[in-house]
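Quick one: structure below, then a few questions.
The values are calculated or read from the model by the stated rules, or taken from the named source; none is laboratory data. Note that the structure is predicted; figures quoted are calculated from it, not measured. Please note: Cβ atoms are built from the backbone with ideal geometry, for glycine as well, and neighbour counts cover all protein chains shown. The area values use the complete protein model at the heavy-atom level, side chains included, leaving out ligands, DNA and RNA. Shrake-Rupley method; radii C 1.70, N 1.55, O 1.52, S 1.80 Å.
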Amino acid sequence: MTGKNSLTEAAALPGKQPDAKLGFLQAHDWSTMVTMLSSGLVRSALDSSPDAMVLVDASGRILFANQQAHALFGYEPDALRGERIEQLMPERFRGRHVAHREDFSAENRVRPMGAGLELYARRRDGAEFPVEISLSPLRDQEQALVAATIRDVSERKRFQQELVLAREAAERARQIADDAREAAVRANQAKSRFLATASHDLRQPLQSLSLLNGTLRRLMNHPDAQEALAHQDQAIEAMSRLLNALLDISKLESGAIKPDQVDFPVTRLLEELHHEFAGLAANKGLELEVTTTPECAHSDPSLVGQILRNLISNAIKYTRSGGVHLRGVRRPGGIRIEVSDTGIGIAPNQLQYIYDEFYQIGVPTNSSRNGYGLGLSIVQRLVTLLGLTLEVSSEIGKGTAFAFELPVGRSQPGAVAEAAATQPARQTTAPQVLLVEDDPAVRSATRMLLKVEGYRVFTAGGLAEALAVAREHPGLELLVTDFHLSNNETGTQVVASLRAALGRPLKVVLITGDTSAEVGNLRGDATVRLARKPIHADELLSLMKSLLAP
């Protein structure tokens, strides 16, 4: 800059003529310049700046430093005047700074100092701190001056560092969350694989044992052998109940079971349950009574059936005399389903515990048990899954009642009628049964049981073999099939393919541990019976006889 200078004008003293305003730079006198910069007006203006400011000549000597500069660097007022600017820098930077200062004098433009670099200043006590410095050249006719604005950025750097640390912590937390989420997904996938494997592979040996036991009971007449088989049958049944209950709870906790809400006739479900449990109740001298309604409900019939099976089973277990009543009644708010009994009842102070796992009324821990105390725990999970509310009322010595209410559904057409004209002529020989099972041990055990019972049995390991048998024996009367088969085939595919090949609604016993919608869709078919793994030999034979009855 040449000629007039804004700093020169700002430093003019009051009462002087306009020509005197140029005196600061025109005089080119060191003492005059210092005197002018020391004037009250200029000092007041510069001291009012929020930042530290220093004015440096070409030789690097400080001509002026405002109050903020002295305070920032820890010097007494006016103590910096005449000192070299390098005194305010860490020693390691001083040698290089002289060359940088000379380059800036030649450059003659406003710019930040050390752009892109980390700059540090040094206080009188030797402490270093980060700074930002803006440089502005000032030039009179003889020498160049530099005005430097210095700002302590320690707080900003600290904040930036904290922000970086916070971001790093957030990134670590996000990574941990991602890892945890991925681990949870893998765990759920592993649990799903376990449940799929357990539902099939763990039940298969029990299935074989149960069917073989049933076969042996029909072949052996010696009283001692019959007694041994009876005990074996009880052990198998106990193992089956526990395995089924544990797998049910695991499926519910893992989220593997998803409700499939449909409209279904209440009568059909309640009559199915009556057929299933009437024999069990009769064996205890109890009467299983069913009162139903022609209305349809809207829910998942498979899961509702599972709820009722647990409630009915419990009612029969804890009832010594009288009976169990299963009711379906239309109410203004929906269809109320109730299971009541004339059993031992539940004390009021025990009602809060009945849904706990492995809790049984009046049974001390580690004592002999009739059951495992898991039925009501499963019921509670299923009720929650379906969004229902389970009510319970009980009185010691008089009985217990469980009830819940289902939304009303739309009316459905009647059950599929069996067209007698399309049925093959009844053969005078043993009924022809096709057994489809991919597990050789289970297939062999089931075949032996059915053969001993008098059926003519054909076997297949999958869909292709089943279709080949159907083409060779078109008079098949009944299909007994597992749901999960090899090569991703299912029992429902076998049912559909055989019915299409035979051109008629072949009667079916579908054996499964699955509660999926695909299985549930067959519940409305009057020519299908669903059997849960591991199925007891007597139960399987009973289902077959009910389907084949004229």
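Could you please find all residues in the range 533-542 being open to solvent by 20 Å² or more (accessible area, probe 1.4 Å) and either modelled with pLDDT of 85 or more or farther than 22 Å from Leu229 by Cα (or both)?
Ser542
Could you check the range 293-340 and list, in sequence order, the residues that are part of a helix (DSSP H, G or I) and open to solvent by 30 Å² or more (accessible area, probe 1.4 Å)?
Arg309, Asn310, Ser313, Asn314, Lys317
Can you name the number of the only condition in (1) part of a helix (DSSP H, G or I); (2) modelled with pLDDT of 85 or more; (3) closer than 15 Å to Ala401 by Cβ that Gly343 fails?
That leaves (1) as the condition not met.
Being at pLDDT below 90, small (Gly, Ala, Ser) and under 36 Å from the mean Cα position of the chain (by Cα) narrows it down to one of Gly371, Gly328, so name that one.
Gly371
For Thr481, work out the one condition from (1) under 17 Å from Leu547 (Cα atoms); (2) open to solvent by 30 Å² or more (accessible area, probe 1.4 Å) it doesn't fulfil.
(2)
Name the residues in the range 451-493 that are touching a Ser or Thr at 6+ places or on another chain (Cβ under 9 Å), over 23 Å from Asp525 (Cα atoms), at pLDDT 90 or above and assigned to a helix (DSSP H, G or I), would you?
Selection gives Glu465, Val469.
For the range 70-80, what are the residues that are more than 15 Å from Ala127 (Cα to Cα) and either surrounded by 18 or more Cβ atoms within 10 Å (Cβ to Cβ) or acidic (Asp, Glu) (or both)?
Passing the criteria: Glu76, Asp78, Leu80.
Do the conditions hold for Val416, that is, is it surrounded by 12 or more Cβ atoms within 10 Å (Cβ to Cβ), modelled with pLDDT of 90 or more and either on the phi < 0 side of the Ramachandran plot or over 31 Å from the mean Cα position of the chain (by Cα) (or both)?
Against the criterion (surrounded by 12 or more Cβ atoms within 10 Å (Cβ to Cβ), modelled with pLDDT of 90 or more and either on the phi < 0 side of the Ramachandran plot or over 31 Å from the mean Cα position of the chain (by Cα) (or both)), Val416 does not qualify.
Would you confirm whether or not the range 197-216 contains a residue that is among the polar types (S, T, N, Q) and at pLDDT below 70?
yes
Give the residue that is nearest to Arg331 (Cα to Cα), with candidates limited to residues of the range 266-292 that are open to solvent by 70 Å² or more (accessible area, probe 1.4 Å) and not in a helix (DSSP H, G or I).
Of everything passing the filter in the range 266-292, Glu289 is nearest to Arg331 (Cα to Cα).
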